[in-house]
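Notes follow the structure.
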Amino acid sequence: MNGPHPHGPHPHGPHPHGPHPHDLRRLAGPVSRRGFLGLSLAAASAAMLAACTSPSPSAATRVLSSDDAVRAAEAARPSSGRAIAARLDPAPLTATLDGKPVQTWGYNGAVNGPLLRGSVGDRLEVALANGLPEPTVVHWHGLALANDQDGVEMLTQKEIAAGGSFGYGFRLAHPGTYWYHSHVELQRERGLYGPLIVDDPSEAKDWDHEWVILLDDWMDGVTGTPEDVLNELSQGMGGMMGGQPGGQGGGRYTGMGAVSDYLGGDAGDVRYPLHLFNGRTPSDPDTLRAKAGNRVRLRIINAAGDTAYRVGAPGVKLTVTHTDGFPVERTEADAVVLGMGERIDALLTVPEGWTPLMARPEGKTGLALGQISTGTGKEPIPAALPSRLTGTVVDGGQLAAAPGVRLARRVADRTHTVRLTGSMMAYDWGLNGRRFDMANPYEGALEVRQGERVRIDFVNESMMWHPMHLHGHTFQVGDAGARKDTVIVRPGQTVSVLFDADNPGQWLYHCHNAYHAARGMMGVLSYVR
């Protein structure tokens, strides 16, 4: 189910059925960030008020984030009685990347936000003071938490105005590797993200060192801004062909030559000058000191906007232990692939000397690099490292859940089919032929009721792969696949996921390609009564 498309890579081209008629009215061209954000937030405010007073299209009563059922679900989560306090201060900053000053945004004065950490049952309390020139929110990616803390502007909370503040507070229900990031338009494409680790005090520790790794594709302040990219993409890729053989044309920020057989064709369409490993480039790599024979637990997070990463250390096996926070049946691999939003935990046994941990952008050029050193040998030169990581390569969607976290066998009470639609030519991404409209967020919503076993069939009718992410829940891929919140869906592929509707509220689901989401590939999973 999770292999490359059977007919090989697809050429670029419009969806066979063309743009949905409803979409044609929305392809007017580029918009300014301020204009788009103002319109979307104003429309969202109206929609949120209307949702409280108007009947939904199905005449069902929606369980909103302020509902007693949301508070009851939060109260039922494990509690240790401890509180963990943290602070996030999003603001403009000057970072040094590849030896050059870069103007961007970040949390607490850095490109990577601070590591937030607690144990299962702890209450995480985060005070946020917004130093940005526009509104923001924080989404806690992968966590099952109270719906009013999920950080989706106008769907679960009001946006935090420039100069404003907000206090997030919720219990940490499940152990694992998670992360947090802004959920306002393209703010994540700057440095507004960071790692979040939930420890299990009962877990047997079979490693000597832990390495939390954030990978990111970067262009902000180097070649342009995320808004520049979105404006160019919004014109459609069809006008960028340039008549060149093989469709290798492109614009200033985007191109059409990135191809990955592993991902089923088009690997991505944004060109990035830099790829970061914990906020560093290969000219100044993050380095872990260890002894030969030590075991390192890698906690790898893909925070990128348009790039999957293939991660491995040449000649060194990885033992994959978790994906998206949940344990899997342990699998040996030479490299792992992570789509945007995915996480993988793996164990690596350190050899003598220097070990380059490479993250190659799948189907693109470039390198994100970290190193492990035992204090002997010669430090590797980045330019001399292999251009490809080969051998046994896996992604989280191909793994099996560990027996202890598999869902109990049960017939699905409700099944939803979600067609992933749109084309690169018009850049008109959507779900079931509909582009998300914050002025009418519940149009086409997937309705569920608390207590149901739900099945979603993601059917990719487009010629591009999509990492599909569901807020507030962890699903199981198929009958015994990995427990995940983000899964790769290749062109022409159907991926079926199962979950129990045990976290009431209104939850976003979307492609975690930042530009696909910005152009409409989003929807709402709506709890109703």
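The values are calculated or read from the model by the stated rules, or taken from the named source; none is laboratory data. Because the structure is a prediction, the values reported are computed rather than measured. Counting neighbours? That spans all protein chains shown, and the Cβs are built from the backbone with ideal geometry, glycine included.
Here are a few things to note about the model shown:
- Output for segment 173-220, where each listed residue is over 23 Å from residue 519 (Cα atoms) and of a type in the set (D, E, K, R): 199, 200, 203, 205, 206, 208, 210
- Qualifying position, being modelled with pLDDT of 95 or more, surrounded by 24 or more Cβ atoms within 10 Å (Cβ to Cβ), touching a helix residue (DSSP H, G or I) at 6+ places or on another chain (Cβ under 7 Å) and not in a strand (DSSP E or B), among 341, 305: 305
- Total residues in segment 257-267, condition surrounded by 22 or more Cβ atoms within 10 Å (Cβ to Cβ) and either touching a helix residue (DSSP H, G or I) at 6+ places or on another chain (Cβ under 8 Å) or not aliphatic (A, V, I, L, M) (or both): 3
- Just one of (1) of a type in the set (Ser, Thr, Tyr); (2) more than 28 Å from residue 526 (Cβ to Cβ); (3) out of contact with any Pro (no Cβ under 7 Å at 6 or more places or on another chain) fails for residue 119. It is (3).
- Residues that are charged (D, E, K, R) and within 17 Å of the chain's Cα centre (by Cα) were ranked within segment 473-511; the one that is farthest from residue 267 (Cα to Cα) is 483.
- Residue within segment 407-418 that is in contact with a strand residue (DSSP E or B) (Cβ under 9 Å, 6 or more places away or on another chain), outside any loop (DSSP other than H, G, I, E, B) and of a type in the set (S, T, N, Q) present: yes
- Strands (runs of 3 or more DSSP E) completely within segment 428-529 that count 2 or more residues being of a type in the set (Val, Ile, Thr), over 12 Å from residue 418 (Cα atoms) and not assigned by TED's automatic domain parsing to the domain that holds residue 149: 486-489
- For segment 125-174, a residue qualifies if it is under 17 Å from residue 73 (Cβ atoms), buried (at least 23 other Cβ atoms within 10 Å of the Cβ) and of a type in the set (S, T, N, Q), and the qualifying residues are 147, 149, 156.
- Per-region count, segment 475-520, residues of a type in the set (Ser, Thr, Tyr) and touching a Leu at 6+ places or on another chain (Cβ under 7 Å): 2
- Residue 134 being in contact with a Leu (Cβ under 7 Å, 6 or more places away or on another chain), among the acidic types (Asp, Glu) and assigned to a loop (DSSP other than H, G, I, E, B): yes
- Yes/no for residue 490 being out of contact with any helix residue (DSSP H, G or I) (no Cβ under 7 Å at 6 or more places or on another chain), buried (at least 19 other Cβ atoms within 10 Å of the Cβ) and basic (Lys, Arg): yes
- Some residue of segment 276-284 being in a strand (DSSP E or B) and crowded, with 21+ Cβ neighbours inside 10 Å: yes
- Given (1) exposed (fewer than 15 other Cβ atoms within 10 Å of the Cβ); (2) in the same structural domain as residue 474 (by TED's automatic domain parsing), index of the condition residue 424 fails: (1)
- Candidates 268, 242, 257, 246 - the one that is at pLDDT below 80, of a type outside the set (Asp, Glu) and not in a helix (DSSP H, G or I): 242
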